[in-house]
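Read the figures in this text as sums done on the coordinates, not as results from a lab. Everything numeric in this text was worked out from a predicted model, so none of it was measured. Reconstructed Cβ throughout: ideal geometry from the backbone, glycine too, with neighbour counts over all protein chains shown.
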Amino acid sequence: VKKNGKNGYQYYSDHLDAHLLERIELEADLRKAIQRNELIIYYQPQIHAHNSSLIGIEALLRWNHPIRGIISPSIFIPIAEESGLIVEISEWVMRQACLQMRKWQQEWELYIPVSVNLSTQQFHQNNLAQKVEQILLEVGLEAKYLELEITESMMMDICRSTSTLQELKELGVRISMDDFGTGYSSLNYLKMFPIGKLKIDQSFIRDLTNSESDKAIVATIISMAHHLKMNVIAEGVETAEQLAFLKESGCDDIQGYYFSRPLPAKELQRVFLGKCKQ
Ligand code: C2E
Ligand code: CA
Ligand code: CA
Ligand code: CA
């Protein structure tokens, strides 16, 4: 913020003004979004690389804004984080995702974990594990059917979170490392934290077919994860060629448009569960 002597704040560019205004407006709207039922969770299937069975489902948040329509989480999650709204929103997502999974267990006998993305702010509350435990109890979902996704870049922020992660682990929830390969010191963190699964970031998958270096990186991550007794899932898989390379390299699971985009619960049910229930 630059102050310009007696002219006050006049030197803001129009562009910045517009951007700021939009942000302030979105933040105000976001405050009301939960109460107004504008937040929706989409669910993206995770598929076993070799037998194509459904092995997990990631919960991905969407905001159905009354005027702007569907807004991507990459736009409103940062606003939610800066404004502190993320804590309330994250708790809502976790509860909804657990409720949905409990429902799928009861109605479809689907016993697989649902993955929920965590944000850094949730680690700054010191009662994250108790919050998670409370939600699981309330919903009646066993801990092993909840997976929490943590990014590598969060790890850097939350070195003191080792104990929080340990508490979560003791609860029995699964922990996976999201966007793997895009942060720093990842190898160190892999030793320090109780992580069961690596998610290879989609930036390594995008050009996989044509890039020898991406092939080498992906194959190395898979082999390293297996040596560390971790599972590996590749994100952003869109083509049969990418899938073929990943299968050949021993990747366990696949997530991406090749199998399915994130879908509303009803839609996922129709496409993926409708077929298996007699
Ligand atoms: P992420 O956790 O890395 O999620 C994967 C993103 O890749 C999702 O974007 C998904 O729709 C997209 N994707 C999946 N398959 C493909 C594919 O084959 N090709 C391409 N190009 N993209 C694919 P989305 O849903 O827009 O979410 C963006 C990010 O927003 C997420 O990245 C996550 O970091 C964040 N996010 C989403 N929901 C939540 C939430 O409930 N809480 C928090 N804290 N963050 C969330
Ligand atoms: Ca994720
Ligand atoms: Ca990711
Ligand atoms: Ca990401």
Check your understanding: Can you tell which of LEU20, LEU198, LEU246 shows the greatest fluctuation in a Gaussian network model of the chain with Cα springs below 10 Å?
Key -> LEU20
Point to revise | Spin-label zone in the range 52-83 - amide nitrogen under 20 Å from a point set 7 Å from the Cα of HIS19 along the C-beta vector | key: 72-83
Practice item. Evaluate the Debye formula for the range 44-122 with equal point scatterers sitting on the alpha carbons, no solvent, and hand back log10 of I(q)/I(0) at q = 0.15, 0.19, 0.25 Å⁻¹, in q order, two decimals. Key: -0.65, -0.90, -1.16
Practice item. Take each of the peptides 147-154, 267-274, average the number of other beta-carbon atoms within 10 Å over its residues, and list them starting from the highest. Key: 147-154, 267-274
Practice item. Once you have the Cα-Cα distance between GLU82 and SER53, take 0.36 nm times their residue separation minus that, and quote the gain in nm to one decimal. Key: 6.6 nm
Check your understanding: How high is the FRET efficiency from TYR258 to ASN188, r the C-beta distance, R0 35 Å, rounded to 0.05?
Key -> 0.60
Practice item. Using the structure shown, select from LYS32/LYS197; LYS103/LYS215; LYS103/LYS191; LYS144/LYS215; LYS131/LYS199 the pairs with a Cα to Cα distance greater than 29 angstrom. Key: LYS32/LYS197; LYS103/LYS215; LYS103/LYS191; LYS144/LYS215
Point to revise | Semi-axis lengths, Å, the range 88-194, gyration tensor of Cα atoms, sqrt of 5 times eigenvalues | key: 25, 14, 12
Exercise for review: Considering only DSSP beta bridges where both residues belong to the chain, give the percentage that are antiparallel (nearest 5).
Suggested key: 45
Revision key, fill the gap. Computed for the chain: size of charge dipole around the Cα centre, +1 on C-beta of each Lys and Arg, -1 on C-beta of each Asp and Glu, debye to nearest 20, value 420
Point to revise | Neighbour-count ranking [beta-carbon atoms within 10 angstrom, fewest first] of GLU212, GLU248 | key: GLU212, GLU248
Check your understanding: Where nothing but the Cβ of Lys and Arg (+1) and of Asp and Glu (-1) is charged, how large is the charge dipole of the range 131-278 around its Cα centre, in debye to the nearest 20?
Key -> 440
Exercise for review: Counting other beta carbons within 10 Å of each Cβ, put TYR42, TYR257 in order, fewest first.
Suggested key: TYR257, TYR42
Exercise for review: Can you tell me the order of 201-210, 31-40 when each peptide is scored by its average per-residue count of other Cβ atoms within 10 angstrom, highest first?
Suggested key: 201-210, 31-40
Review point. Label-point separation (nm) for ASN127 and GLU142, each offset 7 Å from Cα along Cα-to-Cβ?
Key: 2.8
Study note, to complete from the structure: Over the chain, the sum of -39500 (n - 2.57) across DSSP H runs of at least four, divided by residue number and rounded to 500 deg cm²/dmol, gives at 222 nm -13500 deg cm²/dmol
Check your understanding: Quick one: if the Förster radius is 45 Å, what FRET efficiency do LEU171 and ASN210 give, using the C-beta to C-beta distance and rounding to 0.05?
Key -> 0.55
Point to revise | P(r) histogram, all alpha-carbon pairs of the chain included - 10 Å bins from 0, percent | key: 6, 26, 32, 24, 9, 3, 1, 0
Review point. What residue among ILE70, ILE222, ILE200 shows peak mean-square fluctuation when the chain is described by a Gaussian network model with Cα springs under 10 Å?
Key: ILE70
Exercise for review: Would you mind getting me the FRET efficiency between MET156 and ARG270? Use the beta-carbon distance for r and R0 = 41 Å, nearest 0.05.
Suggested key: 0.50
